[in-house]
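Read the figures in this text as sums done on the coordinates, not as results from a lab. Since we're looking at a predicted model, the values are computed, not measured. Cβ: placed from backbone, ideal geometry, glycine included. Neighbour counts: every protein chain shown.
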Amino acid sequence: MIPIAKPLIGEEEKRAVLEVLESGMLAQGPRVQTFEEAFAPYCGVKYAIATSSGTTALHITLLAHGIGPGDEVITTPFTFIASANSILYVGARPIFVDIDYATFNIRPDQIEAAITPRTRAIMPVHLFGLPADMQPIMEIAERYGLIVIEDACQAHGAEYNGKRVGSFGTGCFSFYPTKNITSGEGGMITTNDEYIAEKCRTIRQHGMRRRYYHDELGFNFRMTDVHAAIGLSQLAKLEQFNARRIANARYLSEHLKGVVTPIVPEGRRHVFHQYTIRIPDGRRDMVMEALKERGIGTAVFYPVPTHQQKFYRDLGYDQTLPEAEKAAQEVLSLPVHPGLSSTDLKMIVEAINEVCARV
Ligand SMILES: *Cc1c(COP(=O)(O)O)cnc(C)c1O
């Protein structure tokens, strides 16, 4: 079976973890700081704050920006549930606007129509590793005085007009094992704003600036040095991993026939966290099943848009967002990870071309 995702853990990661275990400093310590100090320049920002996950990075970021009950945050319904859930955690309301057919990302022209006096922030998601259309998003944010929180959990190293994601607004990254790099579990917040950076560090550590003096309500959302050691080793390989993902994606797009392959708009660097095709006319699930029989692992990201999830329906969400709903019916992600061999890639192409011609 060719898996849809596979973390590549080498000798460097193993040695780094052993060093931490032998040091006796297991919780947040010097490795976390080194990881932060390496990740910030990678994203082209001044500050990076490591967290226990991408979800807690989003949660802390919303709190640090003072977003809470009565506030609205405009985001996309076509993403992992954590994007919108983080908005609920702080007591604010996610406002969903539809996505673009070609990029799967939030449509800037629909954002403006969703702005109300309660709107505090826009949360674009750089889905599948492709940056959202940041120029119009930043212009709207500027015009209406809104905060921009980038969910960059799938887009480490992606670029928009030569600028890394996570450097437009406050960036949130994940190091879950299927992401472009992993730390086991883990996350990172990126910002150029010293006040926000300090606020994030405080919220991460039980609202504590001075040892055992707590000025505000915080959490334990820290990363451990064990995880940071893995993350640091992975960060050194990120560009090589991304280059492989991009080359694998190019191979797939050049050889696949009869399916809608991903596009990369001018000026964007897509880092292919996922390589996602569309299979219309209700054939997607049959194609998926036939590929499984031929040993090709695929996945549907995401089968249900957030506004249609049971929990959100129970909250009263009942809008129709046609492009997100259509995408949920048609998308299929294929293996594109850096662990694929050229034989794997040939097998994937042959299987899809054969299956799609038949199903
Ligand atoms: C993975 C992911 C998250 C959450 O990250 P975790 O580290 O799993 O908590 C949030 N948003 C998106 C788009 C993701 O893909």
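Students often get this wrong, so check it: of Lys6/Lys257; Lys199/Lys237; Lys6/Lys179, which have C-alpha atoms separated by over 20 Å?
The pairs that break the limit, which is 20 Å between Cα atoms, are Lys6/Lys257; Lys199/Lys237.
Would you calculate, for the chain, the mean residue ellipticity at 222 nm contributed by helices, counting each DSSP H stretch of 4 or more residues as -39,500 (n - 2.57) and dividing by all residues, to the nearest 500?
Theoretical 222 nm ellipticity from helices: -12000 deg cm²/dmol.
Once phi is turned into ³J(HN,Hα) by the Karplus curve 6.51 cos²θ - 1.76 cosθ + 1.60 with θ = phi - 60°, what whole-Hz value does each residue of the range 258-264 show in order, with x for glycine and proline?
Once rounded to whole Hz, the list reads x, 10, 7, 8, x, 9, 10.
Please report the base-10 log of the normalised intensity I(q)/I(0) for the range 289-357, using a Debye sum with one equal scatterer per alpha carbon and no solvent, at each q in 0.16, 0.19, 0.29 (1/Å).
The computed values of log10 I(q)/I(0) come out as -0.68, -0.80, -1.27.
Using all alpha carbons of the chain, what is the percent of pairwise distances in each 10 Å bin, ordered from the shortest bin to the longest?
Cα pair-distance distribution for the chain, in percent: 6, 25, 32, 25, 11, 2, 0.
Taking the Cα centre as origin and putting +1 on Lys and Arg beta-carbons and -1 on Asp and Glu beta-carbons, what dipole magnitude results for the chain, to the nearest 20 debye?
So the magnitude is around 440 debye.
If you wrap the range 76-128's Cα atoms in a convex hull and average its projection over all directions, what's the area in nm²?
3.7
Where the centre of each part is set by its Cα atoms, how far does the range 217-239 sit from the range 322-359, in angstrom?
Cα centroid of the range 217-239 versus Cα centroid of the range 322-359: 31 Å apart.
Return the Cα extents of the range 238-358 along principal axes one, two and three, sorted largest first, each rounded to a whole Å.
Between the extreme Cα coordinates on each principal axis of the range 238-358 lie 48, 36, 24 Å.
Restrict the search to the range 324-359; then list the GluC sites (Glu not before Pro) that DSSP places in a loop and that have at most 10 other Cβ atoms within 10 Å of their Cβ.
Hits after loop and neighbour filter: nothing returned.
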